[in-house]
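First comes the structure, then the notes that go with it.
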Amino acid sequence: MDLQCFLCWRVALLLLVSPCGLQCMSVHVINKEPVHVIPGSDLVLKAHIEQGPLENISVLTWEREPETGADPKRVTLGTCLGRSIKCAGTRSNIHVNVAQKEATLEIKGYSDEDSGVYIVTVTDHKGVKTSAQCIVRIYEPVHHVSVSINVSHSSLVCGETWGTDPHFSWLHERIAITNTVGTVSNDGTTLIVTKSPFCGHFTCMVSNKLGYSSATYTAAPCETGGSGTAAVVVCLIFLLLFGGVLAFLLWRRRRHSNRGERLHEHLDAI
Ligand SMILES: *[C@@H]1O[C@H](CO)[C@@H](O)[C@H](O)[C@H]1NC(C)=O
């Protein structure tokens, strides 16, 4: 009787101490969703397993199903079994492992067909199943960069279609944007142009781990202020001089012919 009571107390204590009692095996994927994988590189997914003091893992499986589609088909990627937890992948490039509350799935040489929803399922010694999932997609290069103008707000908007983690930066005449040209929004997609006049070439560059792509908006050409006015002034002076010389020549010719006439009159009088 005493021994029984002691055991009772022990169980009660264990129930109090462990946050989830005796039966609440739980699992969650540690990776931040969605996971993006560069084709050819390795995918590593890690799941954390929380288990009660009297619980044991009897089976752990990793599966995958398509992210979209009416009838998603599940494919088993790897399984861990038994008290000593022996693991095996279903393909030679898949490695699974369980150690100390952590389950790992590794796929070497990831390809597009490996994308989908990954599901890790833990079955305890009583056959109760718990699972967690994580979306895995391919890491896409930057695609179709374009720049459009918002005339009413004198701003330029940079667009990109489906690259992963795009990073935006702006150039004016191939030089990084400074305060004299404009300000860039926090997400980098919009450039509010403060430069007046609004002129020259504005380039938006979008980059990620796989490279970059860019597009340029061409406004009216920038008149390099000083030399433009100087050219006009030189032209005016030249025109004035030319006009002056012409007027002088005409005046001289006229005077000469007048004199000739007067000479004729004089001679006639004699
Ligand atoms: C221009 O920008 C403003 C402010 O961001 C926005 O409200 C407006 O819809 C934009 N106009 C066009 C034509 O995109």
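The values are calculated or read from the model by the stated rules, or taken from the named source; none is laboratory data. This structure is a prediction, so every number in the text was calculated from the model and none was measured. All Cβ positions, glycine included, derive from the backbone under ideal geometry; neighbour counts span all protein chains shown. Protein only, heavy atoms only, side chains kept; ligands, DNA and RNA dropped before computing areas. Shrake-Rupley method; radii C 1.70, N 1.55, O 1.52, S 1.80 Å.
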Tell me, which residue of region 48-81 that is assigned to a loop (DSSP other than H, G, I, E, B), closer than 13 Å to residue 124 by Cβ and without any contact (Cβ under 8 Å) to a residue 60 or more places away in the chain is most open to solvent (accessible area, probe 1.4 Å)? 54
For region 83-100, indicate whether the set of residues that are among the polar types (S, T, N, Q), within 28 Å of residue 138 (Cβ to Cβ) and not in a loop (DSSP other than H, G, I, E, B) is non-empty. yes
Count of region 168-193 residues which are out of contact with any Leu (no Cβ under 8 Å at 6 or more places or on another chain) and in contact (Cβ under 8 Å) with a residue 24 or more places away in the chain: 9
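Residues being at negative phi and either more than 17 Å from the chain's Cα centre (by Cα) or within 16 Å of the ligand (Cβ to nearest atom) (or both): count how many of those fall in region 115-144.
Selection size over region 115-144: 20.
Quick check on my filter: what residues within region 87-107 are surrounded by fewer than 16 Cβ atoms within 10 Å (Cβ to Cβ) and either on the phi < 0 side of the Ramachandran plot or at pLDDT 95 or above (or both)?
Here is the first cut: in region 87-107, the residues surrounded by fewer than 16 Cβ atoms within 10 Å (Cβ to Cβ) are 88, 90-93, 99-102.
Within region 87-107, 88, 90, 91, 92, 93, 99, 102 qualify.
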Taking residue 84, is it modelled with pLDDT of 95 or more, among the hydroxyl-bearing types (Ser, Thr, Tyr) and loosely packed, with under 14 Cβ neighbours inside 10 Å? no
Tell me yes or no: at least one residue of region 214-226 is modelled with pLDDT of 70 or more and over 30 Å from residue 149 (Cα atoms). no
Among the residues of region 171-178, is there at least one that is of a type in the set (Asp, Glu), within 14 Å of residue 208 (Cα to Cα) and outside the structural domain of residue 29 (by TED's automatic domain parsing)? no
Would you check which residues across region 145-169 are open to solvent by less than 80 Å² (accessible area, probe 1.4 Å), among the hydrophobic types (A, V, I, L, M, F, W, C) and within 16 Å of the ligand (Cβ to nearest atom) and list them? 147, 149, 156, 157, 158, 168
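Going through 128, 122 one at a time, which residue ends up being open to solvent by 20 Å² or more (accessible area, probe 1.4 Å) and aliphatic (A, V, I, L, M)? Before you say what the answer is, go through the steps one by one.
On the way: 122 fails: open to solvent by 20 Å² or more (accessible area, probe 1.4 Å).
Being open to solvent by 20 Å² or more (accessible area, probe 1.4 Å) and aliphatic (A, V, I, L, M) holds for just one of 128, 122, which is 128.
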How many residues are open to solvent by 20 Å² or more (accessible area, probe 1.4 Å), assigned to a strand (DSSP E or B) and more than 12 Å from the ligand (Cβ to nearest atom) when one looks only at region 173-201? 5
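Please go through region 120-170 and pick out each residue that is of a type in the set (A, V, I, L, M, F, W, C), assigned to a strand (DSSP E or B) and closer than 30 Å to residue 76 by Cα.
Start the filter on region 120-170 by keeping residues that are of a type in the set (A, V, I, L, M, F, W, C), which leaves 120, 122, 128, 132, 134-136, 138, 142, 145, 147, 149, 151, 156-158, 162, 168, 170.
Right, trim to assigned to a strand (DSSP E or B) and you get 120, 122, 132, 134-136, 138, 147, 149, 156-158, 168, 170.
Those that are of a type in the set (A, V, I, L, M, F, W, C), assigned to a strand (DSSP E or B) and closer than 30 Å to residue 76 by Cα: 120, 122, 132, 134, 135, 136, 138.
Of everything in region 108-119, what is open to solvent by 10 Å² or more (accessible area, probe 1.4 Å) and farther than 21 Å from residue 80 by Cα? Give them in sequence order. Walk me through how you get there before you give the answer.
The first filter runs over region 108-119 and keeps only residues open to solvent by 10 Å² or more (accessible area, probe 1.4 Å), leaving 108-109, 111-113, 115, 117.
Within region 108-119, 109, 111, 112, 113, 115 meet the criteria.
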Count of region 209-224 residues which are farther than 14 Å from residue 156 by Cβ and surrounded by 11 or more Cβ atoms within 10 Å (Cβ to Cβ): 6
